[in-house]
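Notes to accompany the following structure.
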Amino acid sequence: EGKGVLDLGANCGGFTKMALEAGAQKVIAIEPCPYNFEILEINAPLAENINGAITELKTDSVDFFYSASKRSSSSGSTCKRRNYSGIFKTIPAYNINEILEKYKPSVVKMDIEGKEYDIFDAIGKIPEYIEEFAIEFHWFSEPYLSYPQKCFEGWKADVKGHKRFGKMLYND
């Protein structure tokens, strides 16, 4: 309640809508997929919704790679993943450090389909004004396993665990 929230990888706006309903002062929702963005605007019209991708780069645009996943229509990414469909679209890009400095959110939610590692490399140390950070990590091999401890050193962690679907392990 009363906090600024940054929703990175807002999808269709579930978290954004919950934050608004819980009394967030302002919610900035960034979603790269044009289809998901249309639904985000319907579900959370009171948020500041941005159709684009968060990036570590200083560039005006990046490519968004659509997924061929039959399980999830929301697993496209700005990094080519194993489920890349061969279809991409160039979309607006927003530098993570510039977005953080502009909005100074108290709460950040990040679910950006494997791009989180580049983003954390660009952030370095998480700014003091961020009080809570919810994230879904997507890769479970070295060097990626060290990121939670490296990025959140000194933070109290509330890990929800992992899920297995077939032979694949997912973080929750």
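The values are calculated or read from the model by the stated rules, or taken from the named source; none is laboratory data. Values in this document were obtained by computation on a predicted structure and should not be read as measured data. No Cβ is skipped: glycine too gets one built from the backbone with ideal geometry, and neighbour counts run over all protein chains shown. The protein model used for the area step is the full one, side chains on, heavy atoms only, and it has no ligands, DNA or RNA in it. Shrake-Rupley method; radii C 1.70, N 1.55, O 1.52, S 1.80 Å.
With a/c under 1.5 counting as rounded, go ahead and sort segment 1-72 into rounded, prolate or oblate using the C-alpha gyration tensor (a ≥ b ≥ c being the square roots of the eigenvalues; past the cut-off, prolate if a/b is larger than b/c, else oblate). Show your work: numbers first, answer last.
On the way: a/c = 2.37, a/b = 1.45, b/c = 1.64.
Cα axes put segment 1-72 in the oblate bin.
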Exercise for review: For segment 141-146, take each phi angle, set θ = phi - 60°, evaluate the Karplus expression 6.51 cos²θ - 1.76 cosθ + 1.60, and give the result in whole Hz per residue in order, putting x for glycine and proline.
Suggested key: 9, 6, x, 6, 5, 7
Revision key, fill the gap. For residue 156, counting only aspartates and glutamates whose alpha-carbon sits under 18 Å away and dropping same-chain residues fewer than eight positions off, the answer is 128, 131, 132, 136, 172
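Mean residue ellipticity at 222 nm from the helices of the chain, using -39,500 (n - 2.57) per DSSP H segment of n ≥ 4 over the full residue count, to the nearest 500 deg cm²/dmol? Let's see the in-between values first.
Details: 5 runs with 39 residues, N = 172.
So the calculated ellipticity at 222 nm is -6000 deg cm²/dmol.
Could you tell me what percent of the accessible area of segment 1-104 is made up of carbon and sulfur, with a 1.4 Å probe and every protein chain present?
Numbers: 2920 of 5580 Å².
Solvent-exposed carbon and sulfur of segment 1-104 make up 52 percent of the total.
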Review point. Residues with amide H under 5 Å of residue 62's amide H, sequence separation 5 or more or different chain, H placed in the peptide plane at 1.01 Å from N; which?
Key: 91, 93
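For the chain, which span is the longest to avoid every loop-located (per DSSP) member of chymotrypsin sites (Phe, Trp or Tyr not before Pro) having at most 12 other Cβ atoms inside 10 Å?
Values: sites that count: 129, 140.
Looking at the chain, 1-128 is the longest stretch - no exposed chymotrypsin sites (Phe, Trp or Tyr not before Pro) with at most 12 other Cβ atoms within 10 Å.
Could you provide, to the nearest whole Å², the per residue accessible area of the chain with probe 1.4 Å? The partial results should precede the final answer.
On the way: 9810 Å² over 172 residues.
About 57 Å² of surface per residue is accessible.
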Point to revise | Solvent accessible area, Å² - residue 87, 1.4 Å probe, full protein context | key: 100
Check your understanding: Given a cut-off of under 8 Å on Cα pairs at least six residues apart, what relative contact order in percent is computed for the chain?
Key -> 18
Check your understanding: Within the chain, which is the longest segment containing none of the GluC sites (Glu not before Pro) that sit in a DSSP loop and have at most 16 other Cβ atoms within 10 Å?
Key -> 2-127
Exercise for review: Give the label of the value calculated from the structure for Cα extents along the principal axes in Å, choosing from (i) 41, 37, 31; (ii) 59, 41, 28; (iii) 52, 37, 30.
Suggested key: (i)
